[in-house]
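Everything on this sheet refers to the single structure shown next.
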Amino acid sequence: MFKQLDDKTLVAGQLRPEELEEARRHGVTLVVNNRPDGEEPGQPLAAEIRQAAEAAGLEYRHIPIARGIGPADVEAMREAIHAAEGGRLLAFCRSGTRSTYAWAVARRRDGADAEELRRCAGAAGYDLGPVSHLL
């Protein structure tokens, strides 16, 4: 269910509110929702995920990425990564791809090696090719 990108970051596809307790057991302290509300039928609303995250003792951030990753999305993801310093961050979207892209670009802005980011993303099953120009 959760895929590890690095020692502090996990990604996943759509989470359900009842899965957030499991995230906490994996050391997650902050959840980042990269899905805009209403992206597809049956998707839990951001407010539902926030409520479940807070009930599980997790910090929550909503950074919806709808049409490509913009500078504000990258900066918000960088801030979330830094805010999770004492624990692990779990970012999710429909498939985990947007979350992985945002993680990679944010980490690169902080000086992470582009090849290492590609390796970590690839090991989790994600290809950074579509955002290579941002790395």
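The values are calculated or read from the model by the stated rules, or taken from the named source; none is laboratory data. In this text the structure is predicted, and so the values were computed from the model without any measurement. Cβ coordinates were reconstructed from backbone atoms using ideal geometry, including for glycine residues, and neighbour counts include every protein chain displayed. When the accessible area is computed, the model is the full protein with side chains, heavy atoms only, and any ligands, DNA or RNA have been set aside. Shrake-Rupley method; radii C 1.70, N 1.55, O 1.52, S 1.80 Å.
Just one of (1) outside any strand (DSSP E or B); (2) open to solvent by 20 Å² or more (accessible area, probe 1.4 Å); (3) under 22 Å from A124 (Cβ atoms) fails for A104. It is (2). The listed residues are I69, I65, and the only one of them that is β-branched (V, I, T), in a loop (DSSP other than H, G, I, E, B) and free of Cβ contacts under 8 Å to residues at least 60 places away in the same chain turns out to be I65. Pairs are defined by a Cβ separation below 8 Å, a sequence spacing of at least 6 or placement on different chains, a first member in region 112-127 that is open to solvent by less than 90 Å² (accessible area, probe 1.4 Å), and a second member that is β-branched (V, I, T) and not in a helix (DSSP H, G or I); the pairs so defined are A124/V11; Y126/V11. Among the residues making up region 48-61, those that are touching a residue at least 24 places away in the same chain (Cβ under 8 Å) and either on the phi > 0 side of the Ramachandran plot or part of a helix (DSSP H, G or I) (or both) are E48, I49, Q51, A52, A53, A55, G57.
Residues of region 53-69 that are small (G, A, S) and open to solvent by less than 20 Å² (accessible area, probe 1.4 Å): A53, A56. Scanning region 107-135 for residues that are assigned to a loop (DSSP other than H, G, I, E, B) and of a type in the set (D, E, K, R) yields a count of 3.
Within region 2-47, the set of residues being open to solvent by 30 Å² or more (accessible area, probe 1.4 Å), among the polar types (S, T, N, Q) and in a loop (DSSP other than H, G, I, E, B) comprises just one member, Q14. Applying the selection to region 20-40, what residues are closer than 13 Å to G57 by Cα and among the charged types (D, E, K, R)? Listed by number, the residues that qualify are E21, E22, R24, R25.
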